[in-house]
Amino acid sequence: MEIKEAQERIDNWIQKYGVRYFNELTNMAILTEEVGEVARIIARRYGEQSEKESDKEKDLADELADVLFVLICIANQTGIDLDSALERNLIKKTFEEGLIGADCFRLVFVFGCSYLFRNCLKSGHCGGQLGIL
């Protein structure tokens, strides 16, 4: 499932079953709670804390999906297109790591992320440094 589709499906689910979105502050609190549940599993299953018998049945994938669900709710209610945001964020991180030059970075933000893949990479403008994306 693409991120855009996930945003649409969750919005449809909220409209059909959830009636409405909780407000942003409530969703932030819920997100924090869900991340805490992920942290508990990680700390006990993969960290130095011992895993209690009651925690052994907890499903990390399900808890991560809960985090993603609430994160998408927050994006939906604040009008954020997560596909575009993630694409821009990956490019920003790549630039910050020194993997692309400033000229390509400026072009991406002037013309959009799709410019990068259509023009910058094909032309070798970035010296092929963006193959990691």
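The values are calculated or read from the model by the stated rules, or taken from the named source; none is laboratory data. It should be emphasised that the depicted structure is a prediction, and the values quoted were computed from it without experimental measurement. As a convention, Cβ positions derive from the backbone with ideal geometry for all residues, glycine included, and neighbour counts pool all protein chains shown. Each accessible area value is taken on the protein alone, full model and side chains, heavy atoms only, with ligands, DNA and RNA left out. Shrake-Rupley method; radii C 1.70, N 1.55, O 1.52, S 1.80 Å.
Evaluate the charge dipole of segment 2-66 about its Cα centre and quote only its size in Debye, nearest 20, assuming +1 on the Cβ of each Lys and Arg and -1 on the Cβ of each Asp and Glu.
For this selection, approximately 100 debye.
Which order do you get for Glu63, Glu57, Glu2 if you rank them by accessible area with a 1.4 Å probe, largest at the top?
So, going from the largest accessible area down, we get Glu57, Glu2, Glu63.
Using a cut-off of 19 Å between alpha-carbon atoms, which lysines can reach Lys4, once sequence neighbours fewer than 8 places away in the same chain are excluded?
Of all the lysines, those that pass the test against Lys4 - Cα under 19 Å, at least 8 places apart if same chain - are Lys16.
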